[in-house]
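The values are calculated or read from the model by the stated rules, or taken from the named source; none is laboratory data. Computed from a prediction, not measured in an experiment: that's the story for all the values here. A quick note on method: Cβ atoms are made from the backbone with ideal geometry, for glycine too, and the neighbour counts reach across all protein chains shown.
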Amino acid sequence: MYVAGGTDLYPNMKRLHQTPKTVVSLLRVPEMHEVTTDETGAIRLGSGLTLTEVSEHKDVVTGHLAVAQAARLVSTPLLRNMGTIGGNLCLDTRCNYYNQSYEWRKSIDFCMKKDGAICWVAPSSPRCWAVQSSDVAPVMVAIGAEYVLVGPNGGRTVPAESFYHDDGIEYLTRERDEILTAVKLPKPNGWDATYLKLRRRGSFDFPVLGVAAKITWEGNKVTAARIVLGGVASYTQRVPEAETAVVGSTLNDESISRAANAAFKPSKPMDNTDFGLAWRKEMTRVYVSRALLELRERRRS
Amino acid sequence: MANSRESNLRVIGKPQRKIDATAKVTGATKFADDLYRPRMLWARLLRSPHPHARILRIDTARAESLAGVHAVLTGKDLPEPFGILPVSQDEHALVPETVRFIGDPVAAVAAASEEIANTATRLIDVEYELLKPITSIEDAIANPEPRIHEYSDDGNLHKVINLEFGDVARALDAAHAVRTERYFFEGNTHLPMEQHAALAEASADGKLTLWSATQTPHYVHRALAKVLAMPASRIRVIACPNGGGFGGKSDPFSHEIVVAKFALITGRPIKITLTREEVFQCHRGRHPVLMEVTTGVTKDGRIKGLYFKTALDGGGYGSYGVASTYYTGALQTTTYAIDNYKFQGARAFTNKAPCGPKRGHGTPQPRFGLEVQLDRIAEDLSIDPAELRLNNLAPPNTVTANYLSIGSMHLGDCIRKVVEGSEWKQRYGKLPTGRGLGLACSSYISGAGLPIYWNNMPHSGVQLKCDRSGGVTVFCGSTDIGQGSDSILAYIVAEVLGIDPIDIRVVTADTDLTPVDLGSYSSRVTLMSGNAALQAAENARSVISKAVAGELEIATARVSFAEGRVFDAQDPNNGVAFAKAVQLAEASFGTVGTVGSYTPPKSPGRYRGAGVGPSPAYSYSAAVVEVEVDPDTGIVRVPTVWIGHDIGQSINPTTVMGQVEGSVYMGLGEALMEEMTYRGNRNVVHKIPSMLEYKSPTTLEMCDVVTYLVGSPDPNGPFGAKEVGQGPLLPIMPAVANAVYDAVGVRVDEVPITPEKVLKGLKDKQRGGSGRVGPKSFPEINWGELTQVPPPWDGGDGKALPQEVSASGTTHPERQH
Amino acid sequence: MEQRSPDASVSVAEDAKVRIRLTVNGETTDVLFAPHKTLLEVLREELELTGTKHGCELGECGTCCVLVDGIPVLSCLVLSAACEGQHIATIEGMANGTTLHPLQEAFAELGAAQCGYCTPGFLLAAQALLRDYPEPNRDDIKEALAGNLCRCTGYTKIYEAVELAAARMRGIPAEPADEILYGQQ
């Protein structure tokens, strides 16, 4: 198994979620640490860059503040010094029936994500409901980033959105032997984006809700929008109903309110993270509003 | 004031480095897991995966045959029960028959490495017969069977208390206003940064040494002697510096006994370090407590009667629980004068990790209920909450309704300081919506009046050795858990002998080398070991004075000690260096070694239960908390806390400040986010046994703290010192709740005050409701026979009135405390 | 009910040991250890540098913080085998001989180390902060130390000690304010 920063894999290995006989470090592949800007103005981030490097990189901060923001909101400064952008984008889904020791999981007879047969969050469901918990992934989906994958059969580039899959176990569409080597951030071109994170504490905690929003402006009119929820489903969940609600508007209070309500409906957190699910669902409305308000204020100033 | 910079004292009351500060900032301090011995083995425990089950069979054969495994133990190897309280000897190092919570240890492995030991535990096959788990207080009341322990007072109610001081019914009848409210305080845990660890070594001559991260080496010593059936004189327990305790390392634990047994069997040193999850399983933390509080007050807000009911979720074992239960009713009377007081408390056994003493032991929960109740009363009567409290203060040098002797009492000064500092009068009730201030007060013991097991011996002892080099060594059984108790010994001796604290060596927490101190719990160490050190130092001073008086040919009374010299107070140039003074004393009287010891004064209470609550001195705290509440999310942020603490006299004001700030921190965590919760519907697993999911505030949640140290020296404290390690935590939770009410008009009568609860209250208000969030009912409990104790002002002598012999004749013999 | 012992969970690491050259606190040593050993384990168990502590061993508390090439990291989540050629700094190397680092001095002076267990991690994280930002404000300090948990101090004395040390490292002969030492009057 490949490993980069190890901040996701090693805790999982210690708890016997993953038991590879061998791990291969990708940290010393020089290309994976590069930041390049191509002729179109798109930035290519090597997947081995640490989250600290991404959040502090001049080009990212100036051109892709939302990416820098999201990277900076991951866990702690210490972890961000180790964890990589690639690792965060491939972060294992999380569940507080799963992210427990072997002995703990044994006491509930395990779950289907590892060693067991049932999903304890939704025992009558045939699937696993572990939660997409990356902060950066929703931003990548919102801004339309592309991921560069390299495997035995060569490379391919996929849109971030299609990289994630709504299943707690098979949560990535990546082939088993493919490596995420780089992320291409599109040129900032008349659009703006932001990311808001909900969690108990200002550090350490994974998101119990993430909202990434991107607005494309023409004058004071919204011509396109992407609104993506993190932390409430097994994948980065786009909410097209909310996007539609703001397209064509000036992002006035009324359209923001419509978008917030539209995002609230399909937001269906389960009882497997910190906080109660009803409150997290309720917060979808608040956080989508706040994200859009922030973008509107930024446009006006 | 005793805590300002001006004083005649040279060391006491001045900022000092702790004597172990350099070791701690250089990584030199050896905590228990930092110890390695030649040929050392490693131990691991196999713990129960079931909350309640009978062990039918244990097969250790596969584990024993694993290469690298040296020994395996099960319950039959350690059959003698133990427990911290004599009345609750209900634990076994390894469970022989019935497991009572997920994490109850059932077997242990000694192996060449931690990894092998770990693997071997997974090769032990255990067959269980599952029993119905008891998951909550209500569940325990509704289901006396299956009984978790046979010795309980009533079914699955471990302990039931029913006490009345004065006539509460009459007081409530006569009151201007009576209010009854219910409150709930969720359980939480200590979460010391250091995981528990212990190392044992046995020698061929039958002697055993245990190094452990324990706050109570003396009680571990006793438990080892009992369970291992060895003479205590052949067992040496050394408490390593604790990487945080907060009460969580105050019980003797299975892992300590198990490594001791392994050391005896294998003849090899053996160490165990618990995982973080196991630390959660050891727990002994804050009991979840459901409360019902009834108050009767006069028109001007004087409390005439208080009727307080508590129900505690104790978890699977007794631990300190009997004391914890009494403590939920003990200290309501030390802050406010309450003429008529009734207390009913019950502790349930449930199939969860055992609860016990955490910082404030049993008193933060009722303090929360009482202080929020007072906030309500103040509003009912349109009296400022600070004024209401000032009008109700318990007077100093009095005995309370429940027979606690209050000495110095400066809660009024604490209130006035925080009121002034926070601009309370200008801002309370007047801040814009979303911002608010809340006030609460508290009191705490400076050590318990009675020891945990009944005896007439001192609670703390010190031996002092004055060397002819001028070096002084203090020997004391006290345990430094980070609060700085080792340094306190040095400061006190340095003050008395006029030398620099750095010239004093302190040897502590070693049952072979040091006289007994009962342990670092109940905020007892500064007062008790401090008084013992003071006495020992004064005895040394007396011996040295005599010798120096002879040499200088002056009266003994004129001999003075300062700046490393012993001299004539009337002619300071006429004197000798301290080392020379010791030499003179040694020449005259032989080796200079003195002792000191401390026994708390007798308390006037003589009724059953009077053993919990008495203390040589009570500390007092008042806090004002400012909050910002986000009305859309319910998220509460605390920018600033102002806190006044009646310390009596600071021994070292800077470390006192550190204790206050740390208490505020821990209180803030309890108020806003910390909770020890279980999934009752999923085999009663602990929901979140990790540092990540048990929410301990980070730097980004911590508030600014403005601290005022007030008070005057208490006659019972060394140099007048009272406690500070626990008391300042107590007012934080109710002050946060009261501030949230001031900010958004929502009463959250539960701790922690989470965003979900605040938002629920806000929505309820929007719909025309009261905006209250909290428990709606208090369960029916059979309180048994009432013990009535006339208060001192009704001519009481501290004894209970004779009880009418009940039909059932059930009484529960027990010792006090 | 019979308990299962899934064999997947039962495997004793029989790995051959690897020999790696580690540079710790400026001294280079060859160390022999099983390749799955973390930096935390090798520092404590092979090199006897027990000043580096652990609180969770899962990257959730910051207690095990050390500097690798000057960057504060979680030693419980670093494989030692990956550290060849890197410069590792632990608390044992922070003082210059018997002269404490100004941060250590300030922590000792203000009682910023209570139990002292989290202290090595805080000191190293603070050292990295002051190298990059010699004049941090209170918020910078909170941000930089937001990955280290402390249960004793409420962080207050830690902030004050970092500020005191930072001033002294900039050549200002700073002394702690009275309210830090005695409280508000």
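Computed quantities for the displayed model
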| quantity | calculated |
| --- | --- |
| Any chance A:Tyr102 is farther than 17 Å from A:Ala71 by Cα and within 14 Å of chain B (Cβ to nearest Cβ) | yes |
| Failed item, numbered, when A:Asn153 is tested on (1) modelled with pLDDT of 95 or more; (2) under 30 Å from A:His33 (Cβ atoms) | (1) |
| Candidates C:Leu22, C:Leu39, C:Leu67, filtered to the one that is within 14 Å of chain B (Cβ to nearest Cβ), touching a residue at least 12 places away in the same chain (Cβ under 8 Å) and buried (at least 21 other Cβ atoms within 10 Å of the Cβ) | C:Leu67 |
| Residue in the stretch B:685-707 that is modelled with pLDDT under 95, in a loop (DSSP other than H, G, I, E, B) and closer than 21 Å to A:Tyr97 by Cβ present | yes |
| Some residue of the stretch B:416-424 being crowded, with 17+ Cβ neighbours inside 10 Å, among the basic types (Lys, Arg), in a helix (DSSP H, G or I) and at pLDDT 95 or above | yes |
| Long-range neighbours under 6 Å by Cβ, at least six apart or interchain, first residue within 14 Å of chain B (Cβ to nearest Cβ) and closer than 16 Å to A:Val239 by Cα within the stretch A:279-301, second buried (at least 17 other Cβ atoms within 10 Å of the Cβ) and aromatic (Phe, Trp, Tyr) | A:Thr284/A:Phe264; A:Arg285/A:Phe264 |
| Matching residues, the stretch A:209-233, being assigned to a loop (DSSP other than H, G, I, E, B), surrounded by fewer than 24 Cβ atoms within 10 Å (Cβ to Cβ) and in contact (Cβ under 8 Å) with a residue 40 or more places away in the chain | A:Asn220, A:Ala233 |
| Among the residues listed as B:Ile19, B:Ile12, the single one being away from every other protein chain (no Cβ under 11 Å), in contact (Cβ under 8 Å) with a residue 60 or more places away in the chain, part of a loop (DSSP other than H, G, I, E, B) and among the β-branched types (Val, Ile, Thr) | B:Ile12 |
| Of all residues in the stretch A:3-22 being of a type in the set (A, V, I, L, M, F, W, C) and surrounded by fewer than 20 Cβ atoms within 10 Å (Cβ to Cβ), the one that is nearest to the other protein chains (Cβ to nearest Cβ) | A:Leu16 |
| Boolean, B:Ser319 is of a type in the set (Ser, Thr, Tyr) and either touching a residue at least 40 places away in the same chain (Cβ under 8 Å) or part of a strand (DSSP E or B) (or both) | yes |
| Those residues of the stretch A:124-166 which are hydrophobic (A, V, I, L, M, F, W, C) and part of a loop (DSSP other than H, G, I, E, B), in sequence order | A:Cys128, A:Trp129, A:Ala130, A:Ala145 |
| Given (1) assigned to a loop (DSSP other than H, G, I, E, B); (2) closer than 20 Å to C:Gly183 by Cα; (3) free of Cβ contacts under 8 Å to residues at least 24 places away in the same chain, number of the condition C:Gly116 does not satisfy | (2) |
| B:Leu94 vs. criteria under 22 Å from B:Cys282 (Cα atoms), surrounded by 17 or more Cβ atoms within 10 Å (Cβ to Cβ), in contact (Cβ under 8 Å) with a residue 40 or more places away in the chain and more than 14 Å from chain A (Cβ to nearest Cβ) | yes |
| From the options B:Ala232, B:Ala225, residue that is under 14 Å from B:Ala93 (Cβ atoms), at pLDDT 95 or above, of a type in the set (Gly, Ala, Ser) and out of contact with any Gly (no Cβ under 7 Å at 6 or more places or on another chain) | B:Ala225 |
| Hits in the stretch C:142-185 - residues which are more than 7 Å from every other protein chain (Cβ to nearest Cβ), part of a helix (DSSP H, G or I) and in contact (Cβ under 8 Å) with a residue 24 or more places away in the chain | C:Ile158, C:Glu160, C:Ala161, C:Val162, C:Glu163, C:Leu164, C:Ala165, C:Ala166, C:Arg168, C:Met169, C:Ile180 |
| C:His87 being buried (at least 18 other Cβ atoms within 10 Å of the Cβ), touching a residue at least 12 places away in the same chain (Cβ under 8 Å) and either more than 10 Å from every other protein chain (Cβ to nearest Cβ) or over 22 Å from B:Thr699 (Cα atoms) (or both) | no |
| Of all residues making up the stretch B:425-459, the number that are part of a loop (DSSP other than H, G, I, E, B), of a type in the set (Ser, Thr, Tyr) and more than 30 Å from B:Leu759 (Cβ to Cβ) | 2 |
| Positions within the stretch B:603-646 being surrounded by fewer than 24 Cβ atoms within 10 Å (Cβ to Cβ) and of a type in the set (Asp, Glu), in sequence order | B:Glu628, B:Asp630, B:Asp632 |
| Residue match in the stretch B:658-672 (condition: at pLDDT 95 or above, surrounded by fewer than 24 Cβ atoms within 10 Å (Cβ to Cβ) and either more than 12 Å from chain C (Cβ to nearest Cβ) or farther than 28 Å from B:Ile753 by Cα (or both)) | no |
| Residue within the stretch A:143-159 that is among the small types (Gly, Ala, Ser), within 14 Å of another protein chain (Cβ to nearest Cβ) and surrounded by fewer than 17 Cβ atoms within 10 Å (Cβ to Cβ) present | no |
| Residue match in the stretch A:34-46 (condition: within 11 Å of chain C (Cβ to nearest Cβ), of a type in the set (Gly, Ala, Ser) and either closer than 18 Å to C:Lys37 by Cβ or touching a Leu at 6+ places or on another chain (Cβ under 7 Å) (or both)) | no |
| Residue match in the stretch B:692-706 (condition: over 26 Å from C:Cys61 (Cα atoms), in contact (Cβ under 8 Å) with a residue 12 or more places away in the chain and either within 9 Å of chain C (Cβ to nearest Cβ) or surrounded by 24 or more Cβ atoms within 10 Å (Cβ to Cβ) (or both)) | yes |
| Strands (runs of 3 or more DSSP E) (entirely within the stretch B:562-677) containing at least 1 residues that are touching a Cys at 6+ places or on another chain (Cβ under 7 Å) | B:592-598, B:618-629, B:636-646 |
| Condition broken by C:Cys61, with the remaining ones in (1) more than 9 Å from every other protein chain (Cβ to nearest Cβ); (2) within 13 Å of the chain's Cα centre (by Cα); (3) of a type outside the set (Lys, Arg); (4) part of a loop (DSSP other than H, G, I, E, B) satisfied | (1) |
| Sole exception among (1) surrounded by 21 or more Cβ atoms within 10 Å (Cβ to Cβ); (2) at the interface with chain B (Cβ under 7 Å from one of its Cβ atoms); (3) within 15 Å of the chain's Cα centre (by Cα) for C:Ala95, by number | (1) |
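Yes/no matrix, rows are residues, columns are (1) away from chain A (no Cβ under 14 Å); (2) aromatic (Phe, Trp, Tyr); (3) assigned to a loop (DSSP other than H, G, I, E, B):
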{"residue": "B:Pro713", "(1), (2), (3)": "yes, no, yes"}
{"residue": "B:Met733", "(1), (2), (3)": "yes, no, no"}
{"residue": "B:Ala739", "(1), (2), (3)": "yes, no, no"}
{"residue": "B:Glu756", "(1), (2), (3)": "no, no, no"}
{"residue": "B:Phe778", "(1), (2), (3)": "yes, yes, yes"}
{"residue": "B:Gly796", "(1), (2), (3)": "yes, no, yes"}
